[in-house]
Number of protein chains: 2
Amino acid sequence: MRKMNHPAIDDIALSQVLHALSDPVRLDVVRTLARDGVASCSALDGGRPKSSMSHHFRVLRESGLVRTQTDGPAHMNELRREEMDRRFPGLLGAVLGAPAD
Amino acid sequence: MRKMNHPAIDDIALSQVLHALSDPVRLDVVRTLARDGVASCSALDGGRPKSSMSHHFRVLRESGLVRTQTDGPAHMNELRREEMDRRFPGLLGAVLGAPAD
DNA sequence: TTCAATGTTCGAATATTTTCGAACTATCGA
DNA sequence: TCGATAGTTCGAAAATATTCGAACATTGAA
């Protein structure tokens, strides 16, 4: 398995995070992860093709929002909640508390 | 002057707001409006062409972030801060408090 | 070591955004 | 009413994003 790109949290730009969150599919993934803590990619795909989801997970990883770790053949995802809260205080809280689209 | 589209705040979707804020030009406009209160389009253009800025202001208006009113030939813009705070509590505060890109 | 399960990567099609010149509209003052 | 100022709209080009099938890679288990 190729090494995944988990950028340092201080290298993340705000507009990058906002863009990652502005896609409904990804916003949904983030909401689910906030609720469930950890989930595999397939548990979060909502019936969408694997390649589409792989793209979305990459965007989420590159924006610093999600950390992915392998657990057997599965990739387990979780929010980088503490780090995001340190870099962008209140942002995730506001997004997760907002009314669903 | 054609009537501007200022949607009801409750019709705004979160992803719409996040998308509007995810563009660096628009994020800059929002930051400046938060600091200065009210400003004309030309005061916020940063040297960019009028037609480009007109596009960005339209996105900001349609996302509920900005209200535009005519004042003579000029269009004065301001954040819909209270309304946004009611619909998306903490969101603007977090965005405006975040480190500049 | 072969298989099934889980994701990634690649490439191409489609869709959406961004950018900006040119033409147009509105407002105010001379 | 003519001009100057301030923005909008239109249209087209360029840049980005999204989608997804097909092929490939990795893991653990039979």
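Confirm whether residue A:13 is more than 14 Å from DNA strand C (Cβ to nearest atom) and of a type in the set (Gly, Ala, Ser).
Here the answer is yes, as residue A:13 does meet what is asked.
Looking at B:88, B:57 in this structure, which one is aromatic (Phe, Trp, Tyr) and more than 16 Å from DNA strand C (Cβ to nearest atom)?
Answer to the selection: B:88.
Just wondering, is there one or more residues in the stretch B:74-84 that are within 14 Å of chain A (Cβ to nearest Cβ), in contact with a Pro (Cβ under 9 Å, 6 or more places away or on another chain) and not small (Gly, Ala, Ser)?
Checked the stretch B:74-84: no residue is within 14 Å of chain A (Cβ to nearest Cβ), in contact with a Pro (Cβ under 9 Å, 6 or more places away or on another chain) and not small (Gly, Ala, Ser).
Have a look at B:63, B:22, B:51, B:42 and point out the one that is within 13 Å of DNA strand C (Cβ to nearest atom), in contact with a Pro (Cβ under 9 Å, 6 or more places away or on another chain) and among the hydroxyl-bearing types (Ser, Thr, Tyr).
Matching residue, one of B:63, B:22, B:51, B:42: B:63.
Across the stretch A:67-85, which residue is surrounded by the fewest Cβ atoms within 10 Å (Cβ to Cβ) among those that are near DNA strand C (Cβ under 10 Å from one of its atoms) and closer than 30 Å to residue B:90 by Cα?
So the residue we want is A:76.
Quick one: in the stretch A:1-40, which of the residues that are in a loop (DSSP other than H, G, I, E, B) and within 17 Å of residue A:100 (Cα to Cα) is farthest from the other protein chains (Cβ to nearest Cβ)?
A:23
Listed here are the residues, each with its yes/no results for (1) assigned to a loop (DSSP other than H, G, I, E, B); (2) within 14 Å of another protein chain (Cβ to nearest Cβ); (3) within 11 Å of DNA strand D (Cβ to nearest atom); (4) touching an Asp or Glu at 6+ places or on another chain (Cβ under 7 Å).
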site	(1), (2), (3), (4)
A:58	no, no, yes, no
A:67	no, no, no, yes
A:86	no, yes, no, no
A:96	no, yes, no, no
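Taking the condition polar (S, T, N, Q) and buried (at least 18 other Cβ atoms within 10 Å of the Cβ), does residue A:40 pass?
In short, no.
Among the numbered criteria (1) of a type in the set (A, V, I, L, M, F, W, C); (2) within 14 Å of DNA strand D (Cβ to nearest atom); (3) more than 30 Å from residue A:10 (Cα to Cα), which single criterion is violated by residue B:9?
(2)
Just to be sure I understand, how many residues within the stretch A:22-56 are touching a residue at least 24 places away in the same chain (Cβ under 8 Å) and more than 10 Å from DNA strand D (Cβ to nearest atom)?
Within the stretch A:22-56, residues that are touching a residue at least 24 places away in the same chain (Cβ under 8 Å) and more than 10 Å from DNA strand D (Cβ to nearest atom) number 13.
As an exercise: evaluate residue A:46 against (1) more than 11 Å from every other protein chain (Cβ to nearest Cβ); (2) in contact with a strand residue (DSSP E or B) (Cβ under 8 Å, 6 or more places away or on another chain) and give the number of the one condition it does not meet.
(2)
Read-outs throughout are calculated quantities, based only on the coordinates presented, and are distinct from any laboratory measurement. Everything numeric in this text was worked out from a predicted model, so none of it was measured. Virtual Cβ from ideal backbone geometry, glycine too; neighbours counted across all protein chains shown.
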